[in-house]
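Working notes, beginning with the structure itself.
What follows draws every value from the coordinates through simple rules; no lab data is involved. Since the structure is predicted, the reported quantities are computational estimates derived from the model, not experimental observations. Reconstructed Cβ throughout: ideal geometry from the backbone, glycine too, with neighbour counts over all protein chains shown.
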Amino acid sequence: MAKTITGFSKLSKRQKIEWLAGNFFKDPPAAEAELIAWHRRDEAQQRIIDGFTENAVSNFTLPFSVAPNFLINGRPYAVPMVIEESSVVAAASSAAKFWLDRGGFHAEVLDMVKLGQVHFRWGGAPDRLQALFPDLKAHLTTSSNDLTANMRQRGGGLLNIELLDFTHLEPEYYQLRASFDTCDSMGANFINSVLERFGEQLEYFMETAPGIADHERDVEVVMCILSNYNPDCLVRAWVECPENELEDLARDAGLPGHAAVDRFCTAVRIAGIDPYRAATHNKGIFNGIDAVILATGNDFRAVEACGHTYACRSGQYRSLSRAWVENGVFRFELELPLPIGTVGGLTALHPLAKQALHMLGTPSARELMMIVAAVGLAQNFAAVRSLVTTGIQQGHMRMHLVNILHHLGATAAETEAAQAHFCRQTVSFSGVRTFLENARLGRV
């Protein structure tokens, strides 16, 4: 069979699977059976899931987990998390329980502004374009009223349009930067529709407005697209308590509470100094954030792009969290932009995303931003606490023990024996393999 194909998207799903299995798998019948096995029995739901993307041939399953005991702004939550990393949910749950009796997590949304851009070329004098801009701005706003009407009725819509001059960096290059409030929706389609209207109307305005010289009428719209960097769609989450209430912070490591707190704050400051450490530090934050973003049907790629860009806003990549002690009070906080939504897109279509939002009490986008930020902070707290006390591998590898046993084909009895043995031993792949080999030879 040929390994290239024309018209693949027009094939039925069965035909796609047969072609794929026949060309790229050593055992086509087994591959076909495996791909088909992951289809949902509910055909209506499967059709919805297939519609999320192009050329769907099966479903890829990840665990839908729950982290309980999150107290956020005085309200208890059981938080849905979709992630394949076992230690992430365990760490979030541990941190949530740790802070439950210490006031829980606090969070506030600072703003919910999202941005879009019209990039264009214009060959006239920059001051001339600035002079035309007030009339252009009014025209763009009026000409997009039909697109923004529904969002304005919900309390959002177009907030502002700015003209930015980049001709010192790229000849004849200007930008219209528009800001929006998309209320409870992520708003990507809304923003892009408005921006494309702006592009059309920019050209129309320059062609038809009176008082513009012929040589000034030529404008080239390069592209119209939202930005995934939204530094004013910002949320802050924090925990705080008297330092003397943190004796439990490092009990397993034998450190007194004040020494553990000092080491914890130092570790966070290091992530603000060294971008190599900051990358891993912030990745740990996104372990928790991405899991909730996935569970609620939001776009984790947009959230990651925005958050990592925000971490570079000083000109160097730095930690998204901070920790300090002031007047005997320990405070640990996280601040980052979270452009997410609770209506539209997959939030309304994916069956488990809908259940995840129901589990959270059908939150607004504002409330979900605070929940997600709190989980990111919890994840960061758990990771840094482990790093500065027992080390990351003790808990991390213990959580991976079951995966290692599955990989090595352990029976139920061998799994039970290994779990009992490794509750007192360091877990490693080679150590587990040696244990199973000895067990099968009757040496343990």
(message) Taking 22 Å as R0, compute the FRET efficiency from the Cβ-Cβ separation of Arg121 and Cys312 and round it to 0.05.
(response) 0.20
(request) Count the DSSP beta bridges whose two residues both fall in the chain, then state the antiparallel fraction as a percent rounded to the nearest 5. (result) 95
(message) Once you order the gyration tensor axes a ≥ b ≥ c over the Cα atoms, which shape class does region 8-50 get: rounded for a/c under 1.5, otherwise prolate or oblate by comparing a/b with b/c?
(response) oblate
(request) Provide the gained length on full extension for the span Thr426 to Val329, in nm with one decimal, where the gain is 0.36 nm per separating residue minus the Cα-Cα distance. (result) 31.4 nm
(request) Please work out how much length the chain gains when fully extended from Arg269 to Phe24, using 0.36 nm per residue of separation minus the C-alpha to C-alpha distance, in nm with one decimal. (result) 83.3 nm
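Taking only complete DSSP H runs, can you tell me which helices of the chain stretch 27 Å or more along their own long axis by Cα positions and average at least 0.5 on the Kyte-Doolittle scale?
365-388
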(request) Over the chain, calculate the relative contact order: mean separation of alpha carbon pairs under 8 Å at least 6 apart, over the residue count, as a percent. (result) 17
(request) Please state, to two decimals, what the Cα-based radius of gyration of region 301-380 comes to when divided by 2.2 N^0.38 Å (N = residues). (result) 1.33
(request) Enumerate the lysines that Lys26 could reach by cross-link, defined here as Cα to Cα under 16 Å, with residues fewer than 8 away along the same chain left out. (result) Lys3
(request) Once you have a ≥ b ≥ c as the square roots of the Cα gyration tensor eigenvalues for region 1-134, tell me rounded if a/c is under 1.5, and otherwise prolate or oblate according to whether a/b is larger than b/c. (result) oblate
(request) Starting from the Cα of Lys137, draw a straight line to each of the lysines and keep only those under 26 Å, dropping any in the same chain fewer than 8 residues away. (result) Lys114
(message) Expected output is a single nm value to one decimal: the length gained when fully extending between Thr208 and Ala413, i.e. 0.36 nm times separation in residues minus the C-alpha distance. What is it?
(response) 65.7 nm
(request) Go from 0 up to the bin containing the longest alpha carbon distance in the chain, width 10 Å each, and give me the % of pairs per bin. (result) 4, 16, 21, 22, 19, 11, 4, 1, 0, 0
(request) Would you mind computing, in nm to one decimal, how far apart the modelled labels at Ala44 and Tyr173 are, each placed 7 Å from Cα along Cα→Cβ? (result) 5.1
(message) Quick check for me: using +1 on Lys/Arg Cβ and -1 on Asp/Glu Cβ, what's the dipole size of the chain about its Cα centre, in debye to the nearest 20?
(response) 1480
